[in-house]
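Written below as structure tokens is the structure these notes are about.
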Amino acid sequence: MNATPRVLALLDDVLAFVAPDQRGALWQLAEAGRELDANLVRLPAGAEVGEHQEDVLDVLLVALEGGGLVRVAGGELVVGPRSVLWLPRTSRRALVAGAEGLVYLTVHRRRPGLAIKAPGGQSADEGGEGPCMLDRVCAECGRLSEDPAPVFCSRCGERFPER
């Protein structure tokens, strides 16, 4: 069976139909059986995605509107409309929206599922209930953070509540 390519969204239309002050993930790739994830994100002026490190996936970030800075080891990268950034796995970065805010698209391989592992790194074969991780779920986009004490969501930039 062959999959059928199709248009999933017109991003100008997505942006036209959301409230001007809406922030976070405005659109997400959600097709069944996909091998990619993609998110359209808006950050208002001065908002930030705190410093974080993605250990598993490379991320492609495409700035669509506005501008800002990506803080990386050794400096800052200026981001403006139509900038394309490669954020390699294991790189530490933070994102700060400029005076006009920032709208960007991220694309990466779909995240592997989380697995509960026994001490020593082996998968648990039997019994027990997994720990509650609701405090690690982003209220804005629903992503489960791999960080045990997250400050910002690495998908949409939303700040987690203080603990």
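The values are calculated or read from the model by the stated rules, or taken from the named source; none is laboratory data. The shown structure was predicted, so the numbers you read here are calculated from the model rather than taken from an experiment. Cβ placement follows ideal geometry from the backbone for every residue including glycine, while neighbour counts extend to all protein chains displayed. What goes into the accessible areas is simple: the full protein's heavy atoms, side chains included, and nothing from ligands, DNA or RNA. Shrake-Rupley method; radii C 1.70, N 1.55, O 1.52, S 1.80 Å.
Residues checked against (1) buried (at least 19 other Cβ atoms within 10 Å of the Cβ); (2) touching a Lys or Arg at 6+ places or on another chain (Cβ under 7 Å):
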site	(1), (2)
17	no, no
30	no, no
37	no, yes
43	yes, yes
49	yes, no
56	no, yes
65	no, no
70	yes, yes
79	yes, no
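Quick check on my filter: what residues within segment 93-143 are among the aliphatic types (A, V, I, L, M) and modelled with pLDDT of 80 or more? Write out each step before concluding.
Going residue by residue through segment 93-143, those that are among the aliphatic types (A, V, I, L, M) are 94-97, 99, 102-103, 105, 107, 114-116, 118, 124, 133-134, 137, 139.
Correct list: 94, 95, 96, 97, 99, 102, 103, 105, 107, 137.
Tell me yes or no: at least one residue of segment 45-60 is touching a Gly at 6+ places or on another chain (Cβ under 9 Å), more than 21 Å from residue 159 (Cα to Cα) and among the hydrophobic types (A, V, I, L, M, F, W, C). Within segment 45-60 (the criterion being touching a Gly at 6+ places or on another chain (Cβ under 9 Å), more than 21 Å from residue 159 (Cα to Cα) and among the hydrophobic types (A, V, I, L, M, F, W, C)), the answer is no, since none of the residues qualifies. Which of the residues spanning segment 144-163 are of a type outside the set (D, E, K, R), open to solvent by 80 Å² or more (accessible area, probe 1.4 Å) and either in a strand (DSSP E or B) or at pLDDT below 80 (or both)? Within segment 144-163, 148 is the sole residue that qualifies.
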